[in-house]
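See structure below.
The values are calculated or read from the model by the stated rules, or taken from the named source; none is laboratory data. Only a predicted model underlies this, so the values are computations on that prediction, with no experimental measurement involved. Don't worry about glycine lacking a Cβ; one is built from the backbone with ideal geometry, like all the others, and counts go over all protein chains shown. The protein model used for the area step is the full one, side chains on, heavy atoms only, and it has no ligands, DNA or RNA in it. Shrake-Rupley method; radii C 1.70, N 1.55, O 1.52, S 1.80 Å.
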Amino acid sequence: MKLASLKNGTRDGKLAVVSRDLTRYTEASFLVPTLQAALDNWRRIAPHLEALAESLEHGSVPSERFHEHDALSPLPRAYQWADGSAYVNHVELVRKARNAEMPATFWTEPLMYQGGSDSFLGPRDPIAMADEAYGIDMEAEIAVIVDDVPMGTTLDQARGAIRLIMLVNDVSLRGLIPAELAKGFGFFQSKPSSAFSPVAVTPEELGDAWDGGKLHLPLLVDLNGKPFGRANAGLDMTFDFGQLVAHAAKTRPLCAGTIIGSGTVSNKLDGGPGKAVSDGGAGYSCIAEIRTIETIEKGAPITPFMQFGDTVRIEMKDRTGHSIFGAIEQTVTKYERV
C-alpha cells in the first residue's frame, strides 16, 4: 500500500491511496482525513485502506491522475522526528573533516538527534535559504514511521511497530554546524526543514528488499541532473531500524506517527571511503562526504556546497526499474523575507 497527503489548502493535506505504479490515486478522506489520524488508529483503519488500495489496482473505485507535485510530505508535520546516524562510515568521514575524534562507542550505540518536525517541506518544494555561505547540503536517507512504541521496547517489538517507509532529504547547513556543536547543546539552526518522498509505503510493498530492519536497494541521488550517489541502503548500515527505534524508546514511549531516520546512506569501498559515481563507485548521499575525501586525497575540498539554482533529486527504484516512493526534487532558492 502506498499513501500520500495531497495539497488541499490545509496544513496536513488530505489522505490518498496511490497505485503501485504511482500513476493514479483515490481519495481516502471518507475513511480518515489525514495520515496522522490513520496512524492514531492503525489497526482498525489499515485494513480498510488496504482494501481501498486493492480496489484501486483493479480499477473498481474512482481515481484521478497522481501528480507528485501535488503531494505534501506524507506527514506534513509530525509529533516527533528523530534522525539517527546508522551508517557509521558517514559519521567517521564527516567528523574527520571537522578534525573531531571518533569515539569507539559510535560503533556500539546509535547517534540520534531530535529534529524540527513542525514544518516539513513538500517533496518538490524549494530549499529556500538566506545565504549560500551557510554551506547548504542535501542528506539522502531512509525513514520509517512507527505505531505506538512502549518505553524500553524489545528489538522485535520495535521492528514490528514499523508501519511505513519513505525517503528523506535531511537538509544540513554545514557552515553553521561546527560553531553550533561547539556550544555543546546539539543541532538547531544548522538543521532546517527536511523533505520526504511523495508517498510512504507499507513494508510488504517492498517485498524481499525489506528484511524487517533494512532496505536493500540503491538510493539514487542526482545533483543538477548528473549521478551523484548510488549507495545501497542495505549495505554498511551498522544499526538497523529496529535498533534505531529501540534506542529512541529507551527512556520514553514513542507515539504513533513518530518518524525515525537512518542518517545519510553511505557505503565503503574495499574497507575505505567510497568513490564517485563517475569513477565507478557508489558515490555519495551528501556533499560533505566527497569534500572530506577530497581533503584527505588532495589536501582541500573541491566540490562546493549547493548554490542558488542547484537541484537535487532523490529516488529509489525497485528491481524492475520502477520508482517506489516517487522523487524528492528540490532546487535551492534565495529566501526573501515577506
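Across segment 33-43, what is the total count of residues that are crowded, with 19+ Cβ neighbours inside 10 Å and either without any contact (Cβ under 8 Å) to a residue 40 or more places away in the chain or among the polar types (S, T, N, Q) (or both)?
3
Across segment 323-338, what is the total count of residues that are open to solvent by 10 Å² or more (accessible area, probe 1.4 Å), closer than 19 Å to residue 194 by Cα, part of a strand (DSSP E or B) and of a type outside the set (D, E, K, R)?
2
When the residues of segment 304-329 are filtered to those that are out of contact with any Ser or Thr (no Cβ under 9 Å at 6 or more places or on another chain) and of a type in the set (Gly, Ala, Ser), which remaining residue is nearest to residue 17 (Cα to Cα)?
323
Can you name the residue in segment 1-32 that is without any contact (Cβ under 8 Å) to a residue 60 or more places away in the chain and open to solvent by less than 20 Å² (accessible area, probe 1.4 Å) and, of all such residues, is farthest from residue 59 (Cα to Cα)?
My answer is 32.
Go through the residues of segment 283-305 one by one and say whether even a single one is among the polar types (S, T, N, Q), under 19 Å from residue 120 (Cβ atoms), surrounded by 12 or more Cβ atoms within 10 Å (Cβ to Cβ) and more than 20 Å from the chain's Cα centre (by Cα).
no
Return the pair list, or none, for Cβ contacts closer than 8 Å from residues in segment 55-66 that are of a type in the set (D, E, K, R) to residues that are surrounded by 10 or more Cβ atoms within 10 Å (Cβ to Cβ) and in a loop (DSSP other than H, G, I, E, B), at least 6 apart or on different chains.
Listed pairs, sorted by first residue: 57/19; 57/20; 65/23.
Check segment 256-266 and report whether any residue there is open to solvent by 10 Å² or more (accessible area, probe 1.4 Å) and within 18 Å of the chain's Cα centre (by Cα).
Among the residues of segment 256-266, not one is open to solvent by 10 Å² or more (accessible area, probe 1.4 Å) and within 18 Å of the chain's Cα centre (by Cα), which makes the answer no.
Give all pairs with beta carbons closer than 8 Å in which a residue from segment 101-112 that is over 17 Å from residue 83 (Cα atoms) meets a residue that is open to solvent by less than 80 Å² (accessible area, probe 1.4 Å); count only pairs at least 6 apart in sequence or on separate chains.
Close Cβ pairs satisfying both conditions: 101/95; 102/91; 102/92; 102/95.
Looking at residue 5 and the list (1) of a type in the set (Ser, Thr, Tyr); (2) modelled with pLDDT under 95; (3) within 21 Å of the chain's Cα centre (by Cα), which single condition is not satisfied?
(2)
I need the full set of residues from segment 179-218 which are of a type in the set (A, V, I, L, M), closer than 20 Å to residue 21 by Cβ and buried (at least 20 other Cβ atoms within 10 Å of the Cβ), in order please.
Scanning segment 179-218 gives 199, 200, 201, 215.
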